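To start, the structure itself, in structure tokens.
No value in this document is a laboratory result; all are computed from the given coordinates. All figures in this text were calculated on a predicted structure; none of them were measured in a lab. Cβ coordinates were reconstructed from backbone atoms using ideal geometry, including for glycine residues, and neighbour counts include every protein chain displayed.
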Amino acid sequence: MKKFFGVLIACLSAFVLIACNDTLAPNTTTQDNDSELEALAGSEINISFWHIWGASKSAVLDSMISEFEQMMLDKYEITVNITSTSQSDYSTLLSKTNQAIAAGDKDSMPTMVIGYPDHFAQYLKSKAVISLDSYINSSSSAISVDLDDYVASYIAENNQFGGVTYSLPLSKSAEFMMYNKSITDACGITIPYNTAITWDTIKSYSSTLFAYTGNGAEIQYLVNYDSPANLFINFARQLNAKYTTTDGELLCTNSTTVTMLTLIENYISNKYLSVPINYSDGASYGSDYFKQQKMVFTIGSTAGYSYNMVGSVSGGESGVLDPENGITYDFNVGFALVPQFTTGVDGQAATDSVVQQGPNVCILDSGTSDEKLMAWMFIKYMTYQDQYAPSADDANAEGFVEGNNNSARFAISTGYFPVTNTAYASTLYSQYINLAIEYYQNNYSMDGFTDAEKAKLNSGYPQIAYVGYMQTASYQYDPAFAATSTLLGSAKIREEAENCINKVAKNTSTDAATALADMLAACTLG
């Protein structure tokens with residue numbers, strides 16, 4: 001079966017910000033002006049890397065660490081030892097990093113650490129993060145990178161602190177929508193795979209979908225939204241109600257925000273929308289309810305899509321969700337873009353918005369300049385270069401496997417998205433997006449696909465990759481700032497936004513205006 005249908009990832013339109021210009025290809029060979037690295041020949045340099053990844057993601061990371069260490073030894077005679085340590089979760093990672101910074105003991109601080117802009121804002125306040133601009137713009141082509149090759153919205157997120165690049169994107173994800181395709185098909189509803197439907201369209205399906213009882217479905221809600229904080233923030237953006245600024249200014253303080261919250265309250269009371277607090281089991285996510293067919297749509301992170309997968313994408317494979325009670329599930333899963341509004345609460349045209357997620361990576365002001373340089377070189381290797389595998393049959397003269405882009409490799413192995421345009425356009429990654437395109441254009445049928453291709457489609461990742469590429473132009477990031485004497489930091493304001501949505505969702509005596517007033521009071525200090 002022919003695998004290319006005209007929309008090739010190697011030459012995408014500017015709409016999705018993916019380049020088809022050969023000048024954006026990352027440097028993968030040792031080039032001129034690399035005297036700074038050559039001067040370190042014979043050195044042994046130790047760096048530490050803190051993250052939160054579990055065994056499977058750490059295994060991918062460890063393989064890249066081994067490749068990088070070998071590359072530096074082969075090309076520059078530098079012995080680099082990277083100690084990779086998982087801190088279990090973001091809260092623990094943030095706490096331990098702040099503790100190390102506060103102690104003032106640079107030996108206890110990691111050389112490099114992943115995190116969100118909220119985290120980096122705190123590190124910046126302590127003057128513990130270094131600028132990466134000198135490396136990015138180095139006269140040495142062995143050190144520098146072309147910042148224009150990184151996905152534009154990711155760089156905007158990392159440049160929000162006065163235009164200085166303190167971090168680079170590493171493992172990005174986004175919100176998206178999954179749906180029970182067996183139910184929508186049975187009800188004669190078609191969800192497009194390449195454009196976002198509107199919230200009004202979802203509402204128009206309510207009477208049909210709530211009446212559906214086939215295949216053991218007991219539909220209680222139309223749409224689950226996993227993150228109440230993201231619900232607040234994304235609706236504020238889409239509906240022009242606004243949220244915060246990078247300067248630490250609260251914008252969600254007026255009647256437009258109350259109107260937005262009232263709309264959310266209405267959606268929840270009519271069962272168009274739900275958040276985990278609505279579920280009797282005290283769930284943190286809606287995945288179990290989705291698999292139990294108690295809602296038709298679910299919005300969450302692409303990084304956690306596998307928790308919503310049941311059976312297979314096409315054809316289905318029976319599974320058991322609750323063996324004790326004999327609850328089984330067997331339905332096809334569809335993938336779609338995040339729904340949008342057409343008109344904002346201000347009466348103006350709504351704003352397309354999709355929550356951009358996933359951690360970035362920074363270098364802390366700890367250790368020597370040589371250690372910081374090696375940390376940078378590893379960031380460049382992971383995010384910008386091709387795989388170094390000199391023993392591979394398809395390796396070039398410099399030992400790199402051209403097209404086997406590291407950002408694409410990491411994305412495919414972990415369920416994240418690539419961070420550069422070149423990675424998206426690489427042979428390795430484009431095959432996943434082209435596979436999804438072919439599947440859709442084949443009317444969601446796997447006829448003619450090989451067993452290996454079916455396995456990829458059944459995993460859902462090609463469809464996730466396609467959704468990610470289709471949503472690129474709509475990605476927006478959360479403004480990040482540290483606490484001041486009068487206002488909580490952005491991370492804590494997110495928590496209060498979640499509390500606000502949960503109060504509205506509980507459908508108690510707390511109305512939208514009161515819930516917002518409580519949020520603003522909690523965010524304001526002094």
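Numbers at a glance
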item	result
Cα gyration tensor shape for the chain, rounded if a/c is under 1.5, else prolate or oblate	oblate
Under 5 Å, built H, 5+ apart or other chain: amide partners of K172	F417
Using alpha-carbon coordinates, inclination of helix 90-103 to the longest axis of the chain, degrees	40
Taking S207, S407 and counting other C-beta atoms within 10 Å, the order from fewest to most	S207, S407
Only Lys, Arg (+1) and Asp, Glu (-1) charged, at Cβ; region 146-286 dipole about Cα centre in debye	420
Among 78-84, 463-469, the order from most to least packed when residues are scored by Cβ within 10 Å on average	463-469, 78-84
Footprinting exposure proxy for R237, R494 (fewest neighbouring C-beta atoms within 10 Å first)	R237, R494
Segment D394-D288, extension gain: residue separation times 0.36 nm, minus the distance between their alpha carbons	33.7 nm
Distance (nanometres) between label positions extended 7 Å along Cα→Cβ at A39 and D133	2.2
Inter-probe distance in nm under a simple model that places probes 7 Å from Cα toward Cβ, at N215 and D247	5.2
Other-chain or far-sequence residues with amide H under 5 Å of T343's (modelled H)	A350
Extension reserve of the S269-S95 stretch, reckoned as 0.36 nm per residue once the Cα distance is removed	58.8 nm
Cut-off 17 Å, label 7 Å out along Cα→Cβ of N81, residues of region 369-400 by amide N	370-372, 374-375
DSSP bridge orientation in the chain - percent antiparallel, rounded to nearest 5	60
Nearest 10 degrees, 0 to 90: helix 512-523 Cα axis against the chain principal axis	30
Calculated FRET value between V164 and S485, using beta carbons and R₀ = 22 Å, to 0.05	0.40
Length gained when the stretch S108-T351 is fully extended (0.36 nm per residue, less Cα-Cα span)	83.0 nm
For region 292-306, Karplus couplings with θ = phi - 60° (6.51, -1.76, 1.60), whole Hz, Gly/Pro x	7, 6, 9, 9, 9, 10, 9, 10, x, 7, 4, 5, x, 4, 4
Residue-averaged [θ]222 nm for the chain, counting only DSSP H segments that reach four residues, each worth -39500 (n - 2.57)	-11000 deg cm²/dmol
Set of aspartates and glutamates near K203 by C-alpha distance (under 16 Å), chain-local residues within fewer than 8 positions excluded	E265
Vicinal HN-Hα couplings computed from phi for region 476-484 (Karplus, 6.51 cos²θ - 1.76 cosθ + 1.60; Hz; Gly/Pro x)	9, 10, 7, x, 10, 7, 7, 5, 10
Out-of-range pairs (alpha-carbon distance over 29 Å; input K75/K454; K172/K291; K57/K503; K125/K380; K181/K492)	K75/K454; K57/K503; K181/K492
Under-5 Å amide H pairs with V333, H placed in peptide plane, nonlocal only	K181
In nm, spacing of pseudo-spin labels at T343 and N254 (7 Å Cα→C-beta vector)	1.9
³J(HN,Hα) computed for each position of region 60-73 - Karplus, 6.51 cos²θ - 1.76 cosθ + 1.60, integer Hz, glycine/proline x	5, 4, 4, 5, 5, 4, 4, 4, 5, 4, 5, 4, 5, 6
0 to 90° range, to nearest 10: angle between helix 427-441 axis and the chain longest Cα axis	20
Ranked list, fewest to most other Cβ atoms within 10 Å of each Cβ, for T253, T190, T302	T190, T253, T302
